[in-house]
1. Select from segment 50-89 the residues that are aromatic (Phe, Trp, Tyr) and buried (at least 16 other Cβ atoms within 10 Å of the Cβ) and list them in ascending order.
2. Can you list residue pairs whose Cβ atoms sit under 6 Å apart, with the first residue in segment 50-70 being touching a residue at least 40 places away in the same chain (Cβ under 8 Å) and the second being open to solvent by 20 Å² or more (accessible area, probe 1.4 Å) and of a type outside the set (A, V, I, L, M, F, W, C)? Count only pairs 6 or more apart in sequence or on different chains.
3. Out of everything in segment 30-45 that is in contact (Cβ under 8 Å) with a residue 60 or more places away in the chain and open to solvent by 50 Å² or more (accessible area, probe 1.4 Å), what residue ends up being farthest from Ala119 (Cα to Cα)?
4. Could you identify the single residue in Ala115, Ala92, Ala99 that is open to solvent by 30 Å² or more (accessible area, probe 1.4 Å), assigned to a helix (DSSP H, G or I) and in contact (Cβ under 8 Å) with a residue 24 or more places away in the chain?
Amino acid sequence: MELLPVNQPDRTPPQAEHRAVEILEGVRMAFAEKGFDGASMQDLARACGMSVGNFYRYFPSKAAIVAALVTRDLAEVGHEFSQIIESDDPMATLRAALAFRIREDSCANDGLLWAEMMAAALRKPEIADLTRQMEAEVSRYLTIVFAQVRGIDAEEARHRFAAHASLIVMMIKASAMHRPENPQAQSELHALLTRTLNRVLDEIETDDLKG
């Protein structure tokens, strides 16, 4: 069975990598405080401890910032999926990772940031392209896991389970962007999402591959 690689080696020099992480963390904080549209390039530069001119050398536009955020997040996702695929039980590891993601994303600011970016994507085609790229790549990673679990090649897994992967991405994204009114409602929603995800994964494990 041939599987596609889930990540590429990172050859960024450590010092440059550290600085890039610092800048993107500053950007995330500014977006969390003022919103994606509300945060000006001046606000973003200030949050990173940089002059506006120097900040523009790194990021000439908000679309460039989104591209950097997508690249960083996909690197983390690729590493996580590598661990899932290399585990003794990829499906069980995937289930645990998705359940963890549902719990953690609802408590983080990243979900709110992605919600604002998705809203911006409705108005800005370049940002829409970037968010679609991330969703497509996560779906590809999922079908690689499904291929491993079912003992089929990646192309067959994409053919059989592309809709399943897309649904999982939609549910994870929605859970990150949604904020229930109280802890009980949040807990109940998490439980329902986890049960629903597990039913989707059960169908992948038991699908007879006919048709």
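1. Phe55, Tyr58, Phe59, Phe81
2. As it stands, the answer is Ala63/Glu126, since those pairs meet every condition given.
3. Here the answer is Ala32.
4. After ruling out the rest, the residue left standing is Ala115.
The values are calculated or read from the model by the stated rules, or taken from the named source; none is laboratory data. Just so you know, these numbers come straight off a predicted model, no measurement behind them. Note that each Cβ is placed from the backbone with ideal geometry, even for glycine, and that neighbours are counted across all protein chains shown. Only protein heavy atoms, including side chains, enter the accessible area calculation; ligands, DNA and RNA are left aside. Shrake-Rupley method; radii C 1.70, N 1.55, O 1.52, S 1.80 Å.
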